[in-house]
Amino acid sequence: MAEGAANELKISFVGGEKVGKTSLIKQYTNGTFNPSYEATIGAAFTSKPDELNGKPVRLQIWDASGQQKYRSLMPMYYRSAAGVLLVYDITNELSFEDVRSIVRDIKQEAYSAVLMVVGNKCDLENARVVSREEAESFAEQNGCKFIETSACDNVNVHEMILDITDAILSKENN
């Protein structure tokens with residue numbers, strides 16, 4: 001792929017602490033999963049070339065820290081994003097409340113990003129506390145896409161990126 005030939009899209013991963021944002025990114029970008037927790041300090045950035053429907057894209061992927069002390073910085077990471085992945089842990093109700101709060105903030109500021117609610121850790125079905133139906137309903141009511149993933153088992157990780165990237169490109173072409 002020739003440099004500069006790809007659409008460049010900024011995608012931000014936001015959500016509470018320990019929901020698996022970094023794990024999802026690492027699973028997508030290099031196919032790895034690390035079970036030990038390492039907090040993201042402030043934010044991290046990576047770039048990955050990919051192809052969608054035969055067209056080259058370069059994804060600028062931002063990983064915003066979920067730590068409370070960095071919460072005030074979060075808008076900086078979704079303000080100019082084409083897509084925002086709002087990640088929660090299906091075994092943690094508070095992490096879903098964080099997503100609800102972030103969606104309210106984004107909508108209040110009327111950002112035009114494509115939003116996707118991502119229920120991570122679906123490999124822990126036996127510990128689920130946030131029902132799929134509740135999360136899907138919330139996403140639908142707020143005009144967000146929805147998917148459940150597992151960074152650990154690599155479930156729907158690539159599909160998540162394809163879905164949001166496809167929605168961004170469709171929106172840009174309309």
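Here are the numbers for this structure:
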read-out: Filter result for Asp166 (of a type in the set (Asp, Glu), within 24 Å of Pro56 (Cα to Cα) and surrounded by fewer than 20 Cβ atoms within 10 Å (Cβ to Cβ)); value: yes
read-out: Qualifying position, being surrounded by fewer than 21 Cβ atoms within 10 Å (Cβ to Cβ), modelled with pLDDT of 95 or more and of a type outside the set (Ser, Thr, Tyr), among Val129, Val157, Val118, Val99; value: Val129
read-out: Counted residues, segment 102-115 - those being part of a loop (DSSP other than H, G, I, E, B), of a type outside the set (A, V, I, L, M) and loosely packed, with under 13 Cβ neighbours inside 10 Å; value: 1
read-out: Filter result for Ile90 (surrounded by 12 or more Cβ atoms within 10 Å (Cβ to Cβ) and at pLDDT 95 or above); value: yes
read-out: Qualifying positions in segment 132-154 - crowded, with 20+ Cβ neighbours inside 10 Å, hydrophobic (A, V, I, L, M, F, W, C) and in a loop (DSSP other than H, G, I, E, B); value: Cys144, Ala151
read-out: Residue check, Arg79 surrounded by fewer than 22 Cβ atoms within 10 Å (Cβ to Cβ), modelled with pLDDT of 90 or more and within 27 Å of Glu172 (Cα to Cα); value: no
read-out: Qualifying residue in segment 126-149 (condition: under 22 Å from Ser23 (Cα atoms), touching a Phe, Trp or Tyr at 6+ places or on another chain (Cβ under 9 Å) and touching a residue at least 60 places away in the same chain (Cβ under 8 Å)); value: no
read-out: Flag for Lys171 being under 17 Å from Ile11 (Cα atoms), in contact with a strand residue (DSSP E or B) (Cβ under 8 Å, 6 or more places away or on another chain) and surrounded by fewer than 17 Cβ atoms within 10 Å (Cβ to Cβ); value: yes
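The values are calculated or read from the model by the stated rules, or taken from the named source; none is laboratory data. Nothing here was measured: the structure is a model prediction, and the numbers come from that model. All Cβ positions, glycine included, derive from the backbone under ideal geometry; neighbour counts span all protein chains shown.
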